[in-house]
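In what follows, a structure is listed as structure tokens, so that the remarks can point back to it.
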Amino acid sequence: MYHNYYFINRLSEKLSTLLTGAHLTACFSQNKNELIFGFTLLDNSPFYIQANLDSQLNLWCFPEVFNRAKKNSVNLFESIIGEKILAVNQTHFDRSFELLLNDHSALLFQLYGRRSNISLINKSKAPQSFKSKLMAPNDSQSLARDIDVSTLNEESLEALEKTFDQDIKTHLKSNTQYEQLNFNEKKAFIPAFIESMNTAHLFVTDQGLPKISLFDTEHHCFKSDDPIIACNELYKIFTQKYLTQQKKDGITRELNKKRKQAANYIEKSEAKIAHLRDRRSLEEIAHIIMANLHNINPNDAQIEVPDLYHETANITIKLKPQISPQKNAEILYRKSKNQRLEINNITENIVAKKKVIRQLDQKIAAIELTKDWKALQRLIKATPSDAPAKDLPFNTFSMTDYSIYVGRNNKSNDVLTFDYAKKGDLWLHVKDAPGSHVVIKKQGILPIPKPVIERAAALAAYFSKRKTENMAPVIYTERKYVRKIKGSLPGQVAVMKEKVLLVQPKL
């Protein structure tokens, strides 16, 4: 953004005119990687340096007023509070400057992009560093580069070119023939070029990542000769416009992702309902079986009989030969009933998903209309969080949009049954053997379909001591009929009004 020597040199010169003779009145931090210095200037007016050393942002601001937070604020570098600023010295051809204090210590500001740091240097003590992971130098002179622009040789010219950041290099490549110049031509060109960078306007651009440039661009939105004003303008653009847009884009991206998921669910669910309604009714097939009991022989695997609903055609019906024709018809009647329940349940879910899409569209529209960071923050706080829930302390399964939860151990069983399950949810447990508690979350007022109960019962049998049996009995009842006995061990419960289902243990 502005971490090149030539801008920092101008910034330190400006700070020198302001801070020389001033007193340091405060030094504190109230946000991670941010340090605030307060000063009283010679005219008794306040002045602040707000240094953000975050590896991504790294913004610097110089407000005349700063309201310190009442909480989560910590004082730093307390030994120099009240000291007088004797001078502000720029480190020669390095992106750092120091504030010399009258107690023979110095505050060293290193504007090294992601490795920016602020250190307190005192010759009689070990240096103190704001970012402890970065080593502070013993003195600023060790950072200086010995380059004399007026007497350049090939080695010093190469060292000087290393002080050019990407913005300077891009300008030289686009607007001059610098790369094609020989050494003598470069030697003659450099002094005037550096002088122009020391005196030219400063331009703030807001296209893409906002930045301060030493060169005019067609995208600049602000121009100034004062590096402090330029820094403050960049800070305002970055926090009020760029970060707000980044946040808006991130939230909108997540909302659109959820909208797409909901739309995909609706599309698949409507296709499933169409498939269930288009295929031959199981109830009709059951009626045909009952009408042709006299034509069915024991152990028939299939029959071909006249179709009651299409007089000119026959229909082939597969049977389970090990059970009676009446039992075959009974199974089909039950499946037909469950199919109707499934269609009703899917239809309800489609309606709910369409409501979700309308809500998401409203959120997206509101976010797009938001202009500033504070308004966006208010909108986020007013909107229920869409953050993913934390991992539940039990295993999760699903069937036709019903959630099935299985406890992992005795403590998990108690949490599932008494902290998570509602009184209308269905509770299952293997009969007369240790095992996991299983809960089916109820949806609306409709009864839970039998296939879902059978699936949950198979899981209850699988996560129990009856896992290896061919068939296992599983009890089930509403959660409101499950109680904890005083003084009982974790996982132990009393159950009333239970029903029993015989199932094969199955994961």
Qualifying aspartates and glutamates (Cα of each under 20 Å from Cα of residue 123; at least 8 residues distant if same chain): 78, 83, 98, 103, 139
Determine one quarter of the surface area of the Cα convex hull of the range 149-224, which equals its mean projected area, and express it in nm² to one decimal. 5.3 nm²
Each residue of the range 431-444 in order: what ³J(HN,Hα) in whole Hz does its phi give by Karplus 6.51 cos²θ - 1.76 cosθ + 1.60, θ = phi - 60°, with x for Gly and Pro? 7, 6, 7, x, x, 7, 6, 10, 10, 9, 6, 6, 10, x
In debye to the nearest 20, how big a dipole does the range 5-143 give about its Cα centre with +1 on each Lys and Arg Cβ and -1 on each Asp and Glu Cβ? 480 debye
Contour excess over end-to-end distance, with Cα ends at residue 126 and residue 264 and 0.36 nm allotted per residue: 43.4 nm
If you take the charge dipole of the chain about its Cα centre, with +1 on Lys and Arg Cβ and -1 on Asp and Glu Cβ, which of 281, 176, 37 is farthest toward its positive end? 281
Could you grab the relative contact order for the chain? Cα pairs under 8 Å, six or more apart, rounded to a whole percent. 8 percent
Filter the cross-link list 257/450; 355/480; 354/497; 431/486; 32/162 down to pairs whose alpha-carbon distance in this structure exceeds 26 Å. 257/450; 355/480; 354/497; 32/162
Translational diffusion coefficient of the range 63-150 at 10 °C, 1.306 mPa s, Stokes-Einstein with Kirkwood Rh over Cα pairs, in µm²/s as a whole number. 109 µm²/s
Provide the FRET efficiency to the nearest 0.05 for the residue 184-residue 247 pair, computing r from the beta carbons and using R0 = 60 Å. 0.70
Two-decimal log10 I(q)/I(0) for the range 5-143, as the Debye equation yields it once each C-alpha is a single scatterer, q = 0.08, 0.11 Å⁻¹: -0.18, -0.36
Given 90, 295, 128, which one lies farthest toward the positive end of the charge dipole of the chain, if we put +1 on the Cβ of every Lys and Arg and -1 on the Cβ of every Asp and Glu? 295
Averaging over all projection directions, find the projected area of the Cα convex hull of the range 252-382 and quote it in nm² with one decimal place. 11.4 nm²
So how tilted is helix 183-199 from the main axis of the chain? Cα-based, degrees 0 to 90, rounded to 10. 80 degrees
Counting GluC sites (Glu not before Pro) as exposed when in a DSSP loop with at most 15 other beta carbons within 10 Å, what is the longest stretch of the chain free of them? 219-468
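Summing -39500 (n - 2.57) over the DSSP H runs of n ≥ 4 in the chain and dividing by its residue number, what mean residue ellipticity at 222 nm do you reach, to the nearest 500 deg cm²/dmol?
Taking each H run of at least 4 residues, the total per residue is -12000 deg cm²/dmol.
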Net charge near residue 87, counting Lys/Arg +1 and Asp/Glu -1 over other residues with Cβ under 13 Å of its Cβ? -2
Of the residues 220, 232, 462, the Cα lying farthest along the dipole of the chain towards its positive end, which is defined by charges on the beta carbon of Lys, Arg, Asp and Glu, belongs to 462
Candidates (1) 44, 29, 19; (2) 76, 30, 21; (3) 32, 27, 22; which is the computed semi-axes √(5λ) of the Cα gyration tensor in Å? (2)
Using only Cα atoms, tell me the angle between helix 325-369 and the longest principal axis of the chain; keep it within 0 to 90° and round to the nearest 10. 20 degrees
How far apart, in nm, are two points set 7 Å out from the Cα along the Cα-to-Cβ line at residue 299 and at residue 401? 4.6 nm
Quick check: net charge around residue 139, other residues with Cβ under 13 Å of its Cβ, Lys/Arg +1 and Asp/Glu -1? 0
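Go through the range 228-279 and name the trypsin sites (Lys or Arg not before Pro) that are in a DSSP coil and have 11 or fewer other Cβ atoms within 10 Å of their Cβ.
279
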Relative contact order, percent, the range 149-224 [alpha-carbon distance under 8 Å, six or more residues apart]: 23 percent
Find the centroid of the Cα atoms in the range 269-347 and in the range 55-112, then give the distance between the two in whole Å. 83 Å
Can you list the residues, at least 5 places off or on another chain, whose amide H is less than 5 Å from the amide H of residue 429, using H built in the peptide plane? 475
In degrees, nearest 10, the alpha-carbon axis of helix 282-291 is tilted away from the dominant principal axis of the alpha carbons of the chain by 10 degrees
How far apart, in nanometres, would the label points at residue 256 and residue 277 be if each is projected 7 angstrom from Cα along the Cα-to-Cβ direction? 3.3 nm
Mind checking the dipole of the chain: about its Cα centre, +1 per Lys or Arg Cβ, -1 per Asp or Glu Cβ, Debye to the nearest 20? 3660 debye
The range 450-507 versus the range 184-233: alpha-carbon centroid distance in Å: 74 Å
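With charges only on Cβ, +1 for K and R and -1 for D and E, what is the dipole size of the range 394-503 about its Cα centre, in debye, rounded to 20?
It works out to roughly 260 debye.
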Could you grab the relative contact order for the range 249-331? Cα pairs under 8 Å, six or more apart, rounded to a whole percent. 25 percent
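Read the figures in this text as sums done on the coordinates, not as results from a lab. Just so we're clear, the structure is a prediction, and the values are computed from it rather than from any experiment. Here Cβ is always computed from backbone atoms with ideal geometry, including for glycine, and neighbour counts include all displayed protein chains.
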